Amino acid sequence: MGLTKGSLQSFLAFCPPPLPLMDLSFSYSFSISPLRGGGHAANRALLASLLETLQIQRLFCGSQETLRLSLGIGAFHHCFTCCVRSVSVEDSLCFCLCFPPHDAGSCSKLLDPGFLQSEQQAAKTIDIRWKSSSCMGIKSTATLMGVLPLTRTRKNISMSRRLRTVLFLCHQGHRNTMTSLSALNISLQYPPARRDDTVVEDYHGVKISDPYRWLEDPDAEEVKEFVQKQVKLTDSVLQECDARGKLRETITKLFDHPRYCAPFRRADKYFYFHNTGLQPQNILYVQESLEGEAEVLLDPNGFSEDGTVSLSTLSVSEDGKYLAYALSSSGSDWTTIKVLRTDDRNVEPDTLMWVKFSSVSWTHDNKGFFYSRYPAPKDGDVVDAGTETNANLHHHLYYHFLGTDQSEDILCWRDPENPKYSFGGSVTDDGQYILLNIAEGCDPVNKLYYCDLSKIPNGLEGFRNGNSLLPFVKLVDNFDAQYEAIANDDTVFTFLTNKDAPKYKLVRVDLKEPTVWADVLQESEKDVLESACAVNGNQLIVSYLSDVKYLLQVRDLRTGSLLHQLPIDIGSVSEVSGRREDSVVFIGFTSFLTPGIIYQCNLGTEIPDMKIFREIVVPGFDRSEFQVKQDFVSGKDATKIPVFIVAKRDIILDGSHPCLLYGYGGFNISITPYFSVSRVVITRHLGVVFCIANIRGGGEYGEEWHKAGSLAKKQNCFDDFISAAEYLVSTGYTQPKKLCIEGGSNGGLLVGACINQRPDLFGCALAHVGVMDMLRFHKFTIGHAWTSDYGCSDKEEEFHWLIKYSPLHNVRRPWEHTDQSIQYPSTMLLTADHDDRVVPLHTLKLLATMQHVLCTSLEESPQRNPIIGRIDCKSGHGAGRPTQKMIDEAADRYSFMAKMLEVHWIE
């Protein structure tokens, strides 16, 4: 079409913000004639104005310069990549237009002869130039298809005639060129990584190569060099991410608000955590009464200059005089227990090392506590705790007397015949029993033993010089269900269990008749019984999960009958703080748009008095700017998958929005609504639609939901997540090249599997600390405990489950397996050097594999979207990370997302 400067301005007024290209099957191009009679100088000026106004990025694809821009055409908002051989001499510019699949019906309209005939007369008035072209290396044959009018109107814009764009079909004949290019302005040079093709393992007759097994040794110099080069590469990419600085600044500003946890009472004191805003770690405070002045009891920020030493767990003695606390360094699961006197803040000499996966439970005589640990490393094997990869075996339960050396601790329980078992000890509220919880994996099942401390001759002191274990009695001695003690009156115990109740129930048993169990609160038909807390004598506060939304009730401990419904908004109960002697209970609540409320609930009145004790206020956050809804998506097998959607209020579903889809789907863990500063920022300033898909494998609908996404049915997790993504596209929230997926740990596995299975569906992927090598995960640290959810490659049947979806073993060049030119989405794999839960080797091996298969193994790779790794130092699996590290990581990953999706900052 012929353009003047005036019509150019009007034309640009119709253009939406720049959007990314789509790897889709419908490809079109059109031509724009330069100014007639204007000469090359005028044409160059016009083009420069066009490029500047549309914020076009200059890219390079081989030897051909390309430009990217976004235009609005009629009811459509689409992106173009224009290839320009010579801006100054070309008679016309050739653009390539891609329609998403849900616009296929609109595309087919262009083929309708009636539509074409109706537009022929109008087309005669427009200067149209046709030509065959080679666009982005795609050899194409131009065929006239029709005229698509631009008919949108706006106030204050006067158009003398309708602008029109001529489309013609591009037949793709060159498979090694993608229909989208990376948004980066730099050419990435991936560091070479040695491949050892001699490493081949036989899995039940199937030969599997493992060329990057050398990356499993964290102490090897070659591994350290690989990591350093990857860090350098990632830094070069992040420097190109325009929103990085603004994200860091804005997240920091919004993060700078006071935060509190619910208080808990011991003896005559109240304890609670508080952070003024940007302190690296939360500080533990103590006060004599709720109205009294609070004093700092323990400030972990003084343990390290960079804030990387954190509190992992703590327990206050029954008399309130001692605090036992466990410190973690650099985010490792390894902790060291210390003891502090609450009156004068003096730290006792007690130091307990090699503690992992442990609680701390005091005996009521205040002489000491139970804890769990692993054997110390053998002489010469001492390493930087948290960087080692050897399996965690032979968990032991110990009792520590105050004022003694760890070597004198009482060994209470061990099981050398079952080295993978883990043990946890908890003293009952009446102080009479120590309960021993035994687990083999992560399934919600456990054995349960008990020991009556009051009937031990000479008490625990009698075991100080002996070699015998505590005389535990076996109440439940199989792994067929989960049993969590809620309360006891002498020998009568109440348990929360999933025994014959996948949505959980409350049962009661008398230790004098251990085979007779009775239901106290029966299983709900629909809702999942999440928790029960005995308070105020014989009352319970129970929480249910109903379609991933919390319900809170007061019930009778003896009968299970409903006493009161406690009013809460749609969201999550984060904590219930209270014990049987407490008539006043504290309840923590959060939601997508509620930073946090701590309710004070007085159960001593006829009707519970529930009032706000503390409310977390985030300056600058206005919940009225946003909207939250929950949709239910039909999965591949018609299962209904809940999806939460958080967006700006009054969003228009035109497919133009960037979208972040988060998922987990494993280990019976429910992902419920919660407040996130960083996601509020990207929703407000990047226009992101944030979504959570509550896929199978989690605990959102009980144990049946969990089992439907584990072991042989693990593929259901990926199918559910993909269905959620397709739903967000089909309903107009986004389009594939605007869609980013994110997950951590088991959710990192989810992301890794989904980009392998549907690389065409996503524009960006963020995989945190993921389990990526499904054939060897069980060999490292606590990985053997995950076989309950995944299976184990040592078993032939389970090997065949795992090899089908293992992210490491299913990286393929998608352009070789489809008739479309598809590449992997821009991908960031995140890990940390002290992650001893999901060790970094998972991420490193997948990173090397993806870069080799998709990029460096080809002389000219079609993979333009970057594959990078963010490897943090002095960090672990996530817990205990200081505030600044959380802010920095959020700014890095979301600025990468913004750059890859071509999203621009909104003030």
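Summary table below
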{"item": "Restricting region 274-376 to GluC sites (Glu not before Pro) in coil, as DSSP defines it, with at most 13 other Cβ within 10 Å", "result": "Glu288, Glu291, Glu293, Glu305"}
{"item": "Placed amide H near Val535: partners under 5 Å, 5+ positions off or other chain", "result": "Leu540, Ile541"}
{"item": "Cβ charges +1 (Lys, Arg) and -1 (Asp, Glu), total dipole of region 482-617, debye", "result": "100"}
{"item": "Interchain or long-range residues, amide H under 5 Å from Arg614's placed H", "result": "Ile598"}
{"item": "Alpha-carbon centroids, region 499-529 and region 434-491: separation in whole Å", "result": "20"}
{"item": "Cα shape, region 509-554, gyration tensor, a/c 1.5 rule", "result": "oblate"}
{"item": "Partner aspartates and glutamates for Lys447 [C-alpha distance under 14 Å; skip if fewer than 8 residues away on the same chain]", "result": "Asp415, Asp477, Asp480, Glu484"}
{"item": "Neighbour-count ranking [beta-carbon atoms within 10 angstrom, fewest first] of Ser468, Ser583, Ser875", "result": "Ser468, Ser583, Ser875"}
{"item": "Phi to ³J(HN,Hα) by Karplus 6.51 cos²θ - 1.76 cosθ + 1.60 over region 522-527, Hz, x for Gly, Pro", "result": "6, 5, 6, 6, 10, 9"}
{"item": "Between region 728-754 and region 535-550, the alpha-carbon center distance in angstrom", "result": "33"}
{"item": "Rough spin-label spacing in nm, given labels placed 7 Å along Cα→Cβ, for Gln287 and Asn366", "result": "2.3"}
{"item": "Under 12 Å, Cβ to Cβ, from Pro258 - net charge with Lys/Arg +1 and Asp/Glu -1", "result": "0"}
{"item": "Distance between region 626-643 and region 276-308 - C-alpha centres, whole angstrom", "result": "41"}
{"item": "Rounded to whole Hz, the Karplus (6.51, -1.76, 1.60) HN-Hα couplings of region 479-484, x for glycine and proline", "result": "9, 9, 6, 9, 9, 10"}
{"item": "FRET efficiency, Asp650 to Thr731 (Cβ-Cβ, R0 22 Å, nearest 0.05)", "result": "0.90"}
{"item": "Sites Asp556 and Asn478 - FRET efficiency at Förster radius 30 Å, r taken between beta-carbons, to 0.05", "result": "0.45"}
{"item": "Residues with amide H under 5 Å from that of Ile741, placed H, sequence gap 5 or more", "result": "Leu661, Cys764, Ala765, Leu766"}
{"item": "Environment charge of Lys885, counting only residues whose C-beta is closer than 11 Å and scoring Lys/Arg +1, Asp/Glu -1", "result": "-3"}
{"item": "Radius 11 Å from Cβ of Ala712, net charge of other residues (Lys, Arg +1; Asp, Glu -1)", "result": "+2"}
{"item": "Reachable lysines from Lys738, criterion Cα separation under 17 angstrom, eight or more residues apart if same chain", "result": "Lys648, Lys899"}
{"item": "Hz values of 3J(HN,Hα) by residue in region 654-671 - Karplus curve (6.51, -1.76, 1.60), Gly and Pro given as x", "result": "10, x, 9, 8, x, 9, 10, 10, 10, x, 9, x, x, 6, 6, 9, 9, 9"}
{"item": "Residues in region 449-463 that a label on Asn418 would reach, taking backbone N under 20 Å of a point 7 Å out along Cα→Cβ", "result": "449-452"}
{"item": "Sparsely packed trypsin sites (Lys or Arg not before Pro) within region 641-729, loop by DSSP, other Cβ within 10 Å at most 14", "result": "Arg649"}
{"item": "Dipole-positive endmost among Trp786, Leu901, Met772 within region 754-907 (Cβ charges, Cα centre)", "result": "Trp786"}
{"item": "Members of Lys420/Lys714; Lys229/Lys737; Lys549/Lys636; Lys629/Lys804; Lys207/Lys356 lying beyond 26 Å, as alpha-carbon distances in this model show", "result": "Lys229/Lys737; Lys629/Lys804; Lys207/Lys356"}
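Bear in mind these aren't lab numbers, they're just calculated from the coordinates by the rules spelled out. Because the structure is a prediction, the values reported are computed rather than measured. With ideal geometry, Cβ positions are generated from the backbone for all residues, glycine too; neighbour counts draw on all protein chains shown.
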